[in-house]
Amino acid sequence: MSDLTFEIKSHPNPRSAEERAAVMANPGFGKVFTDHMVVARYSAGRGWHDAQIKAREAIPLDPAAAVLHYAQEIFEGLKAYRTADGGAALFRPDANARRFRHSAERLAIPPFPEDAFVQAMHELVKLDRAWIPDTADGSLYLRPFMIATEAFLGVKPASEYLFLTIASAVGSYFKDPNSTVTVWVSEHYTRAAPGGTGAAKCGGNYAASLAAQSEATAQGCEQVVFLDAVERRYIEELGGMNVFFVFEDGTLVTPPLSDSILHGITRDSVLTLAKEAGLTVKEEPYAIDAWRADVREGRLTEAFACGTAAVITPIGTVKGREESFTIGNGKAGPVAQKLRNLLVDIQRGNTNDAHGWFQKV
Ligand code: PLP
Ligand code: COI
């Protein structure tokens, strides 16, 4: 247990219910921010200190701050949901706290205490609970992150850091929540290499994915499918989501975890729920040419993306430089739909949670 405690300083002038309702009417993703934020400081020799939850405001940053030059930064993404009784709940914040620690280790950042991380999420949701949309696909997206703030241009782990968490009222990540997405297979760009930072949730991975994402957008696709960096053959994940494949015999396949894939919490939850639902689940490499052939020959019936932002989003069409193919009739399939319902029911407290994933705030 860490002895870090958060001083809570409520916003002196929070936005009114009318102002909130106006910006939350159609929130989209990551555009509408709440009134508060979490801040804590780290200094070498002192450890983590000055932990507060306070009014959201701009942060002063020296232009020499290490994060601006060498990208020593990590982040997380998790959601709070409005429950049927009008309360609020978090989904597996302890899993995010653990992954945040692993990301910190990979980026040579001092880890943030896991219990303080979970406590900060609870306190922020308590203060900003009015910002949780009560629509079917609405939630409060929490974005914890850490940045190296030491003003120094030498290349070494910094001696000063800031931990922050901001919160955003969100709807669906994709424009049409009831539709499938079209994905672009990136043949030129890869996302992460063995021994690199692919399994860490660091901003640099996302910066490196943007050229491929622009290519995808230019091709009319919503997400990028990244292949392994060695053989350029095995499917790893999407730019911001893990991926699953469903076969006609009911088998579910997802690429195995490695140091070049983000260890998704939704992925882990889906694996558990699928096994409990009686599906055969395999974590094994799956090649892009096998995907094409399995769709062409009718063996693969569905594919879906999963992640905190995406929840479970079926993939309709896959496009590449040479050819494109459509999965089934291009619409959401029954397995993705069933797994999504199982997951969302736990997240929103509509069903018994046998796994200890649902945390009431
Ligand atoms: N893969 C990448 C690259 C991501 O950014 C995300 C989103 O966080 C995921 C997978 C899914 O992870 P999670 O289910 O923990 O949100
Ligand atoms: C998340 O799902 O939390 C992510 O970080 C992915 C990104 C597309 C927002």
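For Glu215, the conditions (1) touching a strand residue (DSSP E or B) at 6+ places or on another chain (Cβ under 7 Å); (2) closer than 24 Å to Ile327 by Cα; (3) within 16 Å of ligand 1 (Cβ to nearest atom) are fulfilled apart from (3). Would you confirm whether or not the stretch 47-54 contains a residue that is touching a residue at least 40 places away in the same chain (Cβ under 8 Å), surrounded by fewer than 18 Cβ atoms within 10 Å (Cβ to Cβ), in the same structural domain as Pro110 (by the TED database) and hydrophobic (A, V, I, L, M, F, W, C)? No - not one qualifying residue is present in the stretch 47-54. No other residue among Glu19, Glu105, Glu76 is under 30 Å from Asp137 (Cα atoms) and free of Cβ contacts under 8 Å to residues at least 40 places away in the same chain apart from Glu19.
For the stretch 192-242, filtering for residues that are within 15 Å of ligand 2 (Cβ to nearest atom) and basic (Lys, Arg) leaves 1. The sole residue among Ala151, Ala95 that is more than 15 Å from ligand 1 (Cβ to nearest atom) and either small (Gly, Ala, Ser) or over 17 Å from Thr165 (Cβ atoms) (or both) is Ala151.
Of the residues making up the stretch 32-72, those that are in a loop (DSSP other than H, G, I, E, B) and of a type in the set (Val, Ile, Thr) are Thr34, Ile59. Among the residues of the stretch 1-31, those identified as charged (D, E, K, R), exposed (fewer than 13 other Cβ atoms within 10 Å of the Cβ) and part of a loop (DSSP other than H, G, I, E, B) are Asp3, Lys9, Lys31.
Can you tell me how many residues in the stretch 287-305 are among the aromatic types (Phe, Trp, Tyr) and either assigned to a strand (DSSP E or B) or outside the structural domain of Thr317 (by the TED database) (or both)?
1
Name the residues in the stretch 146-157 that are of a type in the set (A, V, I, L, M, F, W, C) and surrounded by 20 or more Cβ atoms within 10 Å (Cβ to Cβ), would you? Before the answer, list the steps.
The initial filter retains those residues of the stretch 146-157 that are of a type in the set (A, V, I, L, M, F, W, C), namely 146-148, 151-153, 155.
Met146, Ile147, Ala148, listed by residue number.
Just one of (1) acidic (Asp, Glu); (2) under 20 Å from the mean Cα position of the chain (by Cα); (3) under 29 Å from Ala64 (Cβ atoms) fails for Glu160. It is (2). Kindly evaluate Gly250 against the criterion of being at pLDDT below 95 and of a type outside the set (Phe, Trp, Tyr). Considered against the rule, which asks whether it is at pLDDT below 95 and of a type outside the set (Phe, Trp, Tyr), Gly250 comes out as yes.
Of the residues making up the stretch 254-280, those that are free of Cβ contacts under 8 Å to residues at least 60 places away in the same chain, within 16 Å of ligand 1 (Cβ to nearest atom) and surrounded by 15 or more Cβ atoms within 10 Å (Cβ to Cβ) are Thr254, Pro255, Leu257, Gly264, Arg267, Leu271. Using the structure shown, decide if Asp294 is crowded, with 18+ Cβ neighbours inside 10 Å, over 29 Å from Phe29 (Cβ atoms) and more than 16 Å from ligand 2 (Cβ to nearest atom). Judged against the criteria, Asp294 is a match. Consider the stretch 146-179 and keep the residues that are modelled with pLDDT under 95 and hydroxyl-bearing (Ser, Thr, Tyr). The one that is farthest from ligand 2 (Cβ to nearest atom) is Ser179.
Among the residues of the stretch 297-328, just one is surrounded by fewer than 20 Cβ atoms within 10 Å (Cβ to Cβ) and in contact with a helix residue (DSSP H, G or I) (Cβ under 7 Å, 6 or more places away or on another chain), namely Phe325.
Restricting attention to the stretch 263-291, the residues that are out of contact with any Gly (no Cβ under 7 Å at 6 or more places or on another chain) and within 16 Å of ligand 2 (Cβ to nearest atom) total 6. All of (1) away from ligand 2 (no atom under 16 Å from the Cβ); (2) part of a strand (DSSP E or B); (3) surrounded by fewer than 21 Cβ atoms within 10 Å (Cβ to Cβ); (4) in contact (Cβ under 8 Å) with a residue 60 or more places away in the chain hold for Arg143 with one exception: (1).
The values are calculated or read from the model by the stated rules, or taken from the named source; none is laboratory data. Here the structure is a predicted model, which is why all the values come from computation and not from measurement. Methodologically, a virtual Cβ is constructed for each residue, glycine included, from the backbone with ideal geometry; neighbour enumeration extends over all protein chains shown.
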